[in-house]
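These notes concern the structure reproduced below.
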Amino acid sequence: MTTKTQKLAAFPVFLRVENRAVVIVGNGDEALAKARLLGQSKAALTLVADAPEKALAAWAAENGAHLIRAPYAPRYIENAALVFAATDDEAQDRVIVADARARSIPVNAVDRPELCDFYTPALVNRAPLAVAIGTEGAGPVLAQMVRARVDQMLSPSLGVLAQLGTQYRDAVDRLVPRGLARRRFWKAFFTGDTARAVERGDVAAARRSASSLLAAGEDIPGHIALVGAGPGAEDLLTLRAQRLLMEADVIVYDALVPEAVVAMGRRDAERISVGKRKGCHSKSQEEINDLLVALGRAGKRVVRLKSGDPLIFGRAGEEMAALREAAVSYEVVPGVTAAFAAAADFELPLTLRGIASSIVFTTGHDLKGRTLPDWASLAVSGATIAVYMGRSVAADVAGRLVEAGLSPDTAVAVIENASRNDRRLLHGTLHDLPSLADRNELTGPVMTLIGDAVAGANFERSEALASHKHQLERA
């Protein structure tokens, strides 16, 4: 069953107002709000106010608007492109609306949708790019909510990039064939090295990149973004990561990246799972490296999604080395690592004045060897230890840390699926930690935090590790 698309009562258009008169009638906040909105355009703005409030008069003076300090009269709207009635007086607004319509001028009566010829949208301004969101006057707050989300998704430098694009339009029309080649050029222009240079504020580098694209013809280079997918909750993804996912031709993701995060990518993007989970490696690291290089050389824009942060136990170093050797363009987008998400779930300060002034990130496998790691002494001196992927080696972790001199009574916090709705919290001491290896029901990624600062966590929603240990002993 398909849902029939509802028809709009108001059709959205963009009206040219540059150097044309736009008149706002009113003294107070309603008039000021419209003035600020229209002030984002190049319209010749006139404010008609017989008793303008101080803020309105100040805004007019600061922004070069023409302020007429007089009661409204029809002559003030002659030849206007648009008129706004913002008097907060229904009878007066009706008079202004009638006068405007008699002159065939579109008019808007603020907060009176039944009197409006048009509605003002919630506006995302990246001039010359603009995104307008409207609800036909039914829900201005809803429009503002949508505007806020769109505003977050669009890079602040997008307007500068759009202006630069207009300067290359004629050259592209001459040198790049119509159809697929031209679409690929503009896609690379607006999402590739040119766009990244504009984001850095380096317009000269952006021009060099655009010129290189023109010279490349149909041989458009690809680009790989190594993106941190965060610990699992999709709303912990960074805004930059979201933008890249919406621009990607291909999304290459690990097994620990939830489907909800992958689904945030462009709908028609190719999705490639490369596994890499304990006991189930669908592709070797070398195969993944080769895949990324091949996609980049094929001109694809790729997001390589890695759980947490790509530079923390994500083997991003090997992928970056392969891309550098193959001369394939790449960038790294950080993500929220699991240790930070676990600390947030436990309301736990990883550093605590007078108790813990350093943090160690490690994997449980670092504590299995015969030689203690160099950082073991930090644990004794009060550092907070964040152990990744440590459930199956919990006994080794506990034993080696006690051997290093850490007290068996040191506080421990354990979390499965940090940040997600299905997370599970456990707590205890270093003495209790070996029982974690028997918790076979913990199938998701497990993070363990160890140290004196952990004692300050909120354990109200947490289960004691010792309770399971006692259950096993009784059994």
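Read-outs: derived from the displayed coordinates by stated rules, not from any lab. What you see is a predicted model, and the numbers here were worked out from it, not measured in a lab. All Cβ positions, even for glycine, are placed from backbone atoms using ideal geometry, and neighbour counts span all protein chains on display.
Please list, by residue number, every one of the trypsin sites (Lys or Arg not before Pro) in region 142-199 that is coil in DSSP and has at most 10 other beta-carbon atoms within 10 Å.
Of the trypsin sites (Lys or Arg not before Pro), the ones in loops of region 142-199 whose Cβ has at most 10 other Cβ atoms within 10 Å are R178.
Modelled label-to-label distance, Q144 and A70, 7 Å Cα→beta-carbon offset: nm?
3.5 nm
Starting from the Cα-Cα distance between K187 and S357, subtract it from 0.36 nm times their residue separation and give me the gain in nm to one decimal.
Result: 56.5 nm gained on full extension.
Report, in debye and to the nearest 20, how large the dipole of the chain comes out about its Cα centre when Lys and Arg carry +1 and Asp and Glu carry -1 on their Cβ.
It comes to approximately 1500 debye.
Determine the gain in length on full extension of the stretch A98-R271; use 0.36 nm per residue of separation and subtract their C-alpha separation, reporting nm with one decimal.
Value of the extension gain: 56.6 nm.
If r is the Cβ-Cβ distance from D88 to L154 and R0 is 60 Å, what FRET efficiency results, to the nearest 0.05?
Given R0 = 60 Å and the Cβ-Cβ separation, E is 0.95.
Which FRET efficiency, nearest 0.05, do S377 and S284 yield, Cβ-Cβ r, R0 51 Å?
In this case the efficiency is close to 0.90.
Using per-residue counts of other Cβ atoms within 10 Å, averaged over each peptide, order 306-312, 153-159 from highest down.
306-312, 153-159
How many angstrom lie between the C-alpha centres of region 1-72 and region 133-167?
Result: 18 Å between the Cα centres.
Send over the semi-axes of region 15-62's equivalent ellipsoid, whole angstrom and largest first, taken as the square roots of 5 times the C-alpha gyration tensor eigenvalues.
Square roots of five times the eigenvalues give 19, 10, 9 Å.
How much FRET efficiency would the formula 1/(1 + (r/R0)^6) give for A327 and T238, where r is the Cβ-Cβ distance and R0 is 25 Å, rounded to 0.05?
Efficiency for this residue pair is about 0.40.
Radius of gyration and Dmax for region 34-118's Cα atoms, expressed in Å?
12.3, 33
What spacing in nm lies between the two simple spin-label points modelled at E78 and R169, each 7 Å away from Cα in the Cβ direction?
3.6 nm
Can you bin the chain into rounded, prolate or oblate? Criterion: square roots of the alpha carbon gyration tensor eigenvalues sorted a ≥ b ≥ c, rounded for a/c under 1.5, prolate for a/b above b/c, oblate for the rest.
Note, shape of the chain comes out prolate.
Select from L67, A404, A464 the residue farthest towards the positive end of the dipole of the chain; place +1 on Cβ of Lys and Arg, -1 on Cβ of Asp and Glu, and compute about the Cα centre.
The residue sitting farthest along the positive end of the dipole is L67.
Would you mind calculating the gained length between R178 and A255 on full extension (0.36 nm times residue separation, minus the Cα-Cα distance), in nm to one decimal?
Length gained, R178 through A255: 23.7 nm.
Once the Cα atoms of helix 54-63 and of the chain are each reduced to a long axis, what angle between those two axes, in degrees from 0 to 90 to the nearest 10, is obtained?
For 54-63 against the chain, the angle is about 90 degrees.
Would you mind computing the Rg to Rh ratio of region 221-336 from its alpha-carbon coordinates, Kirkwood style for Rh?
0.92
How high is the relative contact order of region 203-324? Use alpha-carbon pairs under 8 Å, at least six apart in sequence, and give a whole percent.
That works out to 36 percent.
Apply the Debye scattering formula to region 114-258, with a single equal point scatterer on each alpha-carbon and no solvent, then give log10 I(q)/I(0) at q = 0.10, 0.12, 0.20 Å⁻¹.
At q = 0.10, 0.12, 0.20 Å⁻¹ the computed log10 ratios are -0.47, -0.65, -1.21.
Hey, what angle do you get for helix 90-102 against the long axis of the chain, alpha-carbon based, 0 to 90 degrees rounded to 10?
The answer is roughly 70 degrees.
What is the magnitude of the charge dipole of region 1-148 about its Cα centre, with +1 placed on the Cβ of each Lys and Arg, -1 on the Cβ of each Asp and Glu, and no other charges, expressed in debye to the nearest 20?
640 debye
For the chain, build the charge dipole from Cβ charges (+1 Lys, Arg; -1 Asp, Glu) around the Cα centre, then report which of P231, A342, Y253 sits farthest towards its positive end.
Y253
Beyond 26 Å, what share of the Cα-Cα pairs of region 1-149 is found? Please give it as a whole percent.
24 percent
Between the alpha-carbon centers of region 438-465 and region 237-259, tell me the distance in whole angstrom.
For region 438-465 versus region 237-259, the Cα centre distance is 29 Å.
Placing +1 at every Lys and Arg Cβ and -1 at every Asp and Glu Cβ, with all other atoms neutral, what dipole size does region 221-336 have around its Cα centre, in debye to the nearest 20?
40 debye
Name the trypsin sites (Lys or Arg not before Pro) in region 389-475 that are in a loop by DSSP and that have at most 15 other C-beta atoms within 10 Å, would you?
Taking region 389-475 and a limit of 15 other Cβ atoms within 10 Å, the loop trypsin sites (Lys or Arg not before Pro) found are R461.
What relative contact order, as a whole-number percentage, does region 155-256 give when Cα pairs under 8 Å and 6 or more residues apart are counted?
23 percent
Once label points are set 7 Å from the Cα along Cα→Cβ at both S211 and A130, what is their separation, rounded to one decimal in nm?
3.4 nm
Could you work out the Rg to Rh ratio of region 339-474, with Rh taken as the Kirkwood radius (inverse of the mean 1/r over all Cα pairs)?
Checking Rg against Rh, the ratio lands at 0.93.
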